[in-house]
Each structure stands twice: as C-alpha cells, then as structure tokens.
Amino acid sequence: MTENEVMKFYDLIFEQPAYIRAIFKDGTILTGRLIDVTSSWDNDDEGSYITFVPAVGPLARRYVMRLDYELEKIEVIG
C-alpha cells in the first residue's frame, strides 16, 4: 500500500473500537484493533505504518507495527 492509502485509516483510531483485517504481501492475515496510523513525516521518512493489536494467534494482545510497503490491503471489519 502507499502512504496515502494507509493514512486514509487515520480517522479510524478515534472511533472506539476500530477493528481491521491486515493482509500482508507475504500472505499473512492478522485481525485486530487498530491503535495508530503514523505518516512517514513522523517516522523520519522511513514510511508510514499502522499499529494494531491482533485478537488471536501468537501475536494476540501485543502491539504490532507494520510499514506501509509490507501491506497488501487493510479491511475495516467493525
């Protein structure tokens, strides 16, 4: 995904709760609560990223940060 595509999800962090399905380019799919969306400007131009907490699996209840270029798609599921 591009930074502009990722930043479209910024307003969702103010909705309680916002749940997403993050689909990664390597085929991994994680589902959980969206916590933050950060632009590359805030991240020393290394790319924008999302922070979320997966609901199930080995990363459940942990904060996960992923850069925009790792994402294939983000779906809002609730």
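The values are calculated or read from the model by the stated rules, or taken from the named source; none is laboratory data. Small disclaimer: the values here were computed from a predicted structure and weren't measured. Every residue, glycine among them, receives a Cβ derived from its backbone with ideal geometry; neighbour counts consider all protein chains shown.
Screening Gly27 against (1) in a strand (DSSP E or B); (2) modelled with pLDDT of 90 or more leaves a single unmet condition, (1). I'd like the residue in segment 3-19 that is modelled with pLDDT of 70 or more and in a loop (DSSP other than H, G, I, E, B) and, out of all such residues, is nearest to the chain's Cα centre (by Cα). Among residues in segment 3-19 that are modelled with pLDDT of 70 or more and in a loop (DSSP other than H, G, I, E, B), the one nearest to the chain's Cα centre (by Cα) is Phe9. Selection over segment 37-64 of residues that are surrounded by 13 or more Cβ atoms within 10 Å (Cβ to Cβ) and within 16 Å of Glu5 (Cα to Cα) gives a count of 9. Being in contact with a Gly (Cβ under 6 Å, 6 or more places away or on another chain), closer than 16 Å to Glu5 by Cα, surrounded by 13 or more Cβ atoms within 10 Å (Cβ to Cβ) and hydrophobic (A, V, I, L, M, F, W, C) is true of Leu67.
Within segment 35-64, the set of residues being part of a strand (DSSP E or B) and under 16 Å from Lys25 (Cβ atoms) comprises Tyr49, Ile50, Val64.
Quickly run through segment 19-36 and pick out the residues that are within 15 Å of Thr2 (Cα to Cα) and either hydrophobic (A, V, I, L, M, F, W, C) or surrounded by 14 or more Cβ atoms within 10 Å (Cβ to Cβ) (or both). Ala22, Ile23, Phe24 - these are the residues of segment 19-36 that are within 15 Å of Thr2 (Cα to Cα) and either hydrophobic (A, V, I, L, M, F, W, C) or surrounded by 14 or more Cβ atoms within 10 Å (Cβ to Cβ) (or both). In segment 42-56, what residues are more than 16 Å from Phe9 (Cβ to Cβ) and at pLDDT below 90? Residues satisfying the conditions are Asp44, Asp45, Glu46.
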